[in-house]
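The values are calculated or read from the model by the stated rules, or taken from the named source; none is laboratory data. Nothing here was measured: the structure is a model prediction, and the numbers come from that model. As a convention, Cβ positions derive from the backbone with ideal geometry for all residues, glycine included, and neighbour counts pool all protein chains shown.
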């Protein structure tokens, strides 16, 4: 990654001076991802010019640009250049890009593409967002079961250039039903006269086109696969999801979880590319919801108005008490939501979780309660206030831990995304609980 | 994943009745990861018995168990069985397991292992935690540059069983210096008489043994590699990091970030396996720190004691105002920390980020300020209080957004993990700011 940065001055200079030969020489030494990273700083028009100069390697670079940049660059390329790029791209990336283009543009480009590519695009465009179908590539290697290893290797040699991977070969019957898989490793180590049907792993793990993409990605991670097959409703092989796309999905889904937990509607663009007003909406919506639920703290405080009038000192500890509850809730929410995402915790574990978190909350509450007692005592508060603060802290930390653990699990069981139960949301619920506990104790003691 | 659950009753029955043949038949149809998942519910003693019965496939299953379970199972296996398993395991997994065992056990096992394995273990044990050296496997395929494709394929065929992957072949000189890489795909499609030196990709991206594991994992993800080579200080090839281990690192680092952001010291065990008192320590430490910083809210409130005595109604809005600031801070912390982790934002972007977050905070503050004004008005508050609440909300939401964005970036620039700047930590800082703004405005207006 450091390598590409070193080239930055040379690249800018070559671009400034229009020295195309140097540019091509520099880029030849770099990985297409690094070139794409360098280009991303330039205007779409410049990028288009460079992609055009680089020819075949230019398409590899183009593929590594973000979808937004790809779409912007295409505006500066001719239709025949665009079609050439689209035909060369992996089928899954191509469809992702076409989805970003206006319908008229797609309609004008499709007739120019080769029949096979056109059909492929039409089929892939139909699959729902975030499904295995929308994630898969159709450029897999499939072979019949009766051929020998020698024949298989010969075929693979000729079809390899058009296939995203040949490390896994899918064995199918004449109706494209998936019979098994053979790895290139097995092919290379097997006897040349062996038949694929003797060699293949039968009953391979496969997914249907409408499977959620996260489920597919998790399976790739769990089984350490390079790719998994995707089949249609008739169990015919229609595509594969490769390890690199699975990894991208894992990162994307994690980003969503993190953002939901931080009380933002998921933002799919990199930070600086995200549109200001769209981001403001995504944040404002949650802030407003949290504002409304936090208003109940005021309602609760109002209820204890007379207590507060008698002992105004009580007010000094309100933020401390509710923030301690919120923090303990935030810890539980984080542990449980992450545990659910990793599969360490399941929806049915709710009682076990409540037991553990209840105990944990009590232990942590006793600890903070002790700290709180001395903090109040240092401010020369009466014993009644010291005890109120301590007991309130024990109650609120325990409640925070329990509520923070239970809400994501409840959401999971109801079929929602547990990450919606964000830390701030739990915190506002715990806040009201905290005020009620604190003042009830104080009223009884003072 | 569903598949394995279906087998659960059959497996329990076969185990209960000691019907080993059925057990072996069931397990033959399943992926070792699924078998490991089923076994994980049993006692280490039972698992040991089953691993022993399954023989060779049993070792594959053993490899998929978590390190804690592996270590527990070994206690119930004889020394010669243990050595056999260790010799069969991939070199990286083997060392991870040995690190979990008591030193005496390791010392008693090492002499029983084959010389080559023993040396391998000794070398790998030396690399620091979380480095490329500790993550890599030494079972890579390397070949000299002068041999032909035909010779290369013949050699690969014979060494394949001991190699973690043969899809990437590393071309080295007699002193093991890395010259280039050739993929099996290239070998299969090349002419048999071509030499590796004509075919190989020179200057491959490589990492030194002490590179941080996260950097290696990110490169694997960025370049869509199946593996990356790891070299020692003399640039000699010593190992490779494979895509599946890179993915595990991505998930692990992600979990740490999430937990830090939720104010917990990273917990490395699955939720139910994590020891109660260790977890209590990890949580209690942060809660205590946050408690101390939250105490300053009390100090701040105390400072405004007389204002509060004059207008007790002001107290009703304190929790609402500070929680709004905390929420806006939490959103910014989340966006920025995630952006840093994904590489969308860099340390030097601090001014751009502050501009964007400052504007965002102002917009969201105006929005919440308007909501706050009406909320206060609904409670029949005086106009002075309505305006105090509104202005305080504008100030605190802007401050939250700015502080939440700046602190992770500052931490990053100082060389710390930006995720340490957890949402709760930012919230407590924003709380004090909120109280100061609120009461300063109120003092001026009332």
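Of all the residues that make up the range B:336-361, how many are buried (at least 17 other Cβ atoms within 10 Å of the Cβ) and in a helix (DSSP H, G or I)? Talk me through it step by step, then tell me what you get.
So the first thing to find is which residues in the range B:336-361 are buried (at least 17 other Cβ atoms within 10 Å of the Cβ), and the list is B:336-341, B:344-345, B:349-350, B:353, B:356-357, B:360-361.
Remaining after also requiring in a helix (DSSP H, G or I): B:336-341, B:349-350, B:353, B:356-357, B:360-361.
Number satisfying all stated conditions: 13.
Look at residue B:183 and say whether it is surrounded by fewer than 21 Cβ atoms within 10 Å (Cβ to Cβ) and over 19 Å from residue B:90 (Cβ atoms).
yes
Say whether the condition of being buried (at least 20 other Cβ atoms within 10 Å of the Cβ), outside any helix (DSSP H, G or I) and more than 23 Å from the chain's Cα centre (by Cα) is met by at least one residue in the range A:31-40. Yes, because at least one residue in the range A:31-40 is buried (at least 20 other Cβ atoms within 10 Å of the Cβ), outside any helix (DSSP H, G or I) and more than 23 Å from the chain's Cα centre (by Cα).
Going by the conditions given, is residue B:241 part of a helix (DSSP H, G or I) and either within 8 Å of chain A (Cβ to nearest Cβ) or within 18 Å of residue B:96 (Cα to Cα) (or both)?
Working: part of a helix (DSSP H, G or I): no; either within 8 Å of chain A (Cβ to nearest Cβ) or within 18 Å of residue B:96 (Cα to Cα) (or both): yes.
No, not satisfied.
Where helices (runs of 4 or more DSSP H) sit wholly within the range B:253-324, those with at least 1 residues that are within 17 Å of residue A:372 (Cβ to Cβ) and free of Cβ contacts under 8 Å to residues at least 60 places away in the same chain occupy B:276-303.
Looking for something within 34 Å of the chain's Cα centre (by Cα) and more than 10 Å from chain B (Cβ to nearest Cβ) - is there at least one such residue anywhere in the range A:326-341?
Applying the first criterion (within 34 Å of the chain's Cα centre (by Cα)) to the range A:326-341 yields A:326-341.
Okay, now just the ones that are also more than 10 Å from chain B (Cβ to nearest Cβ), so none.
No: zero hits.
For the structure I just gave you, tell me whether residue B:329 is in contact with a helix residue (DSSP H, G or I) (Cβ under 8 Å, 6 or more places away or on another chain), touching a residue at least 60 places away in the same chain (Cβ under 8 Å) and at positive phi.
On the way: in contact with a helix residue (DSSP H, G or I) (Cβ under 8 Å, 6 or more places away or on another chain): yes; touching a residue at least 60 places away in the same chain (Cβ under 8 Å): yes; at positive phi: no.
In short, no.
Could you go through the range B:176-194 and let me know if any residue there is assigned to a loop (DSSP other than H, G, I, E, B) and under 30 Å from residue B:87 (Cα atoms). Yes.
From the list B:116, B:154, which one is out of contact with any helix residue (DSSP H, G or I) (no Cβ under 8 Å at 6 or more places or on another chain), outside the structural domain of residue B:66 (by TED's automatic domain parsing) and in a helix (DSSP H, G or I)? Quick ask: steps written out before the conclusion?
Values: B:116 fails: outside the structural domain of residue B:66 (by TED's automatic domain parsing).
It is B:154.
Filtered by the rule that a residue be at the interface with chain A (Cβ under 7 Å from one of its Cβ atoms) and modelled with pLDDT of 85 or more, the range B:309-325 gives B:315, B:316, B:317, B:318, B:319, B:320, B:322, B:323, B:324. When restricted to residues that are away from chain A (no Cβ under 11 Å), assigned to a helix (DSSP H, G or I) and in contact (Cβ under 8 Å) with a residue 40 or more places away in the chain, the range B:404-428 contains 9. Within the range A:260-281, if we keep just the residues that are closer than 24 Å to residue A:70 by Cβ and surrounded by 16 or more Cβ atoms within 10 Å (Cβ to Cβ), the residue that is nearest to the other protein chains (Cβ to nearest Cβ) turns out to be A:271.
Take the residues in the range A:67-113 that are in a loop (DSSP other than H, G, I, E, B) and within 22 Å of residue A:165 (Cα to Cα); name whichever of them is farthest from the chain's Cα centre (by Cα). Step through it out loud before you land on a result.
Residues of the range A:67-113 that are in a loop (DSSP other than H, G, I, E, B), as a first pass: A:75-78, A:89-90, A:101-102, A:113.
Retained after the next criterion (residues that are within 22 Å of residue A:165 (Cα to Cα)): A:89-90.
On the way: A:89: 24, A:90: 22 Å.
The extreme case among them is A:89.
Being within 35 Å of the chain's Cα centre (by Cα) and at pLDDT 90 or above is true of residue A:184.
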